[in-house]
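Worksheet: one structure, shown below.
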Amino acid sequence: MRNFAQKSCKKSSPPVTTLIVDSPQDAHYREAAAEYGAALERLARAYEADPDRRRDLLQEIHLALWRSFAGFNRLCSLRTWVYRVAHNAAASHVLRERRTRAQVLVTVEELESTPDPSAPEAAADQRQSLDRLLALVQTLKPLDRQVILSYLEGLDAAAISEITGISPGNVATKIHRIKNVLTRRFHQAGCYGE
Amino acid sequence: MANDLNPDDLRNLWRDQPLENQRMPLDEIRARASRFERRISRRNLREYAGGLLAVAIYGFSIWKQHNPVMRAGSAMVIAGVLFVMWQLYRRGGASQLPADLGFLASLELHRRQLIQQRDLLRTVFRWYIAPIIPGLIVVVIGSVPGRFELRYLARMAPFLGALIGTLVAIWWLNRRAALKLERQIAELDNLERQS
């Protein structure tokens, strides 16, 4: 699919119309931005809490994506490509920021064995639940963050394995743990395990 | 229900969250990309500009000088500088990581690049400083007049001091940068161990 943009030139008479044809790189980018723009915004939100820095991160991700499409070879799906590039750009951002902000990140396994610091009633409405979910995701190390985000985006274990590069078995274990953590943190204390 | 969310509810909550719908026009992306490319080109140019300047200065010296020792020394410095530039080209060039690699693969590749850069900085004396020292020594010897006088040494002292100071500063700055990379590698190892 190719996109065409029209530019009219006022200087000459009669008016000349030039057609700007999208390169494959531009076309792939447009397609990715249209299809995964919202997912990329959610991803940026999960990697950066500060609104200004988040805007910068999102721009960085879009730039990385556009640049990457110069070498897009269709050996994997557009979705896998987009998520790999976006997660790599976001993980680099986290590593860079860690050096300046000394943030402590944990694994899903560590979260699983740690009691929830906030009371269950804190999740009084959806906004608060979302904030708590975001806070939880933002404490995770990059790889586990990729897995939980892909899970929340609705991707299956095979797709997550393709994006992260870890084995499907390992992904399945991590998802099991993620579900445990989510269930424990967002259920009323008494409902756990039901 | 909000108090009692199961993982599927949370998935829906996540995907239905309100967004700002931030978009980045292609023109802006292209402009930023070309700014980035220009920055990389300038950095690459800077890496070689010093070397090219040294080649030009000592080349001029060979052409203008009649003292054979000075000319030999200048030729040795040029050979040393060309060797250093070749080493920079061969091992130095900061390559971009392929953006589409899986996380673990890109972490591993990034780690290998950091180790390569660290080793390059650690051994800076061997491949950056040492190759030009013999030529510089010969140039200094060649510049001494037939009859050695103490006042000549005094006149040369600031020049020699600046030269030695520059070489020591290059060595020290590179060692410091190597230590910084060492810390980044340790951080990556920590991430990888727990991934």
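Every number in this text was worked out from the coordinates using simple rules, so none of it is lab data. Computed from a predicted model, the values in this text were never measured in an experiment. Because the Cβ atoms are built from the backbone with ideal geometry, glycine has one as well, and the counts that use them run over all protein chains shown.
I need the phi-derived Karplus couplings for segment B:107-124: 6.51 cos²θ - 1.76 cosθ + 1.60, θ = phi - 60°, integer Hz, Gly and Pro marked x.
Whole-Hz 3J(HN,Hα) from phi for segment B:107-124: 5, 5, 5, 4, 4, 4, 5, 5, 5, 4, 5, 4, 4, 4, 6, 4, 9, 4.
Pairs of alpha-carbon atoms within less than 8 angstrom and 6+ residues apart define the contacts here; what relative contact order does segment B:24-193 have, in percent?
After rounding, I find 29 percent.
Using each residue's phi in segment B:82-89, evaluate 6.51 cos²θ - 1.76 cosθ + 1.60 at θ = phi - 60° and report the 3J(HN,Hα) Karplus result to the nearest Hz, with x for Gly and Pro.
Coupling constants for segment B:82-89: 5, 4, 4, 5, 5, 4, 4, 5 Hz.
Would you please give the residues with an amide H less than 5 Å from that of A:Gly165, counting only those at least 5 places away or on a separate chain, with H modeled from the backbone geometry?
B:Phe103
Test of understanding: ordering A:Ser167, A:Ser129, B:Ser143 by Cβ neighbours within 10 Å, fewest first, what list do you get?
Taking fewest neighbouring Cβ atoms as first place, the list is A:Ser167, B:Ser143, A:Ser129.
What does the convex hull of the alpha-carbon atoms of segment A:19-103 project to on average, in nm²?
Seen from a random direction, the Cα hull of segment A:19-103 projects 6.2 nm² on average.
With 10 angstrom as the radius, rank B:Val144, B:Val124 by how many other C-beta atoms surround their C-beta, starting from the fewest.
B:Val144, B:Val124
Which one, B:Asn21, B:Tyr48, B:Tyr152, is farthest towards the positive end of the dipole of chain B when Lys and Arg carry +1 and Asp and Glu -1 on their Cβ?
About the Cα centre, the residue reaching furthest to the positive side is B:Tyr152.
Using amide H atoms built 1.01 Å from N in the peptide plane, name the residues 5+ places from A:Leu140, or on other chains, whose amide H lies under 5 Å from its own.
The answer is A:Val106.
Show that you can apply the helix-only estimate: for chain B, add -39,500 (n - 2.57) for every DSSP H stretch of four or more residues, divide by all residues, and state [θ] at 222 nm to the nearest 500.
Using -39500 (n - 2.57) per qualifying helix, the result is -26000 deg cm²/dmol.
Looking only at other chains, what is the average number of their beta-carbon atoms within 10 angstrom of each beta-carbon in A:84-95?
Other-chain Cβ atoms within 10 Å of each residue's Cβ, averaged: 4.
So what are the ³J(HN,Hα) numbers for segment A:161-177, from phi and the Karplus equation (6.51, -1.76, 1.60; θ = phi - 60°), rounded to whole Hz, Gly and Pro as x?
4, 5, 6, 8, x, 9, 5, x, x, 5, 4, 4, 4, 5, 4, 4, 5
Relative to the first principal axis of the alpha-carbon coordinates of chain B, what is the inclination of helix B:26-64, with its axis defined by its Cα atoms, in degrees from 0 to 90 and to the nearest 10?
Its long axis makes an angle of about 10 degrees.
Please provide three numbers in whole Å: the alpha-carbon extents of segment B:24-193 along the principal axes, with the largest listed first.
If we take the Cα atoms of segment B:24-193, the spans are 69, 40, 23 Å.
Using Cβ counts within 10 Å as a stand-in for footprinting exposure, how do B:Trp172, B:Trp127 rank, fewest first?
B:Trp172, B:Trp127
Can you tell me the 0 to 90 degree angle between the C-alpha axis of helix B:150-193 and the longest principal axis of chain B, rounded to 10?
With rounding to tens, the tilt is 20 degrees.
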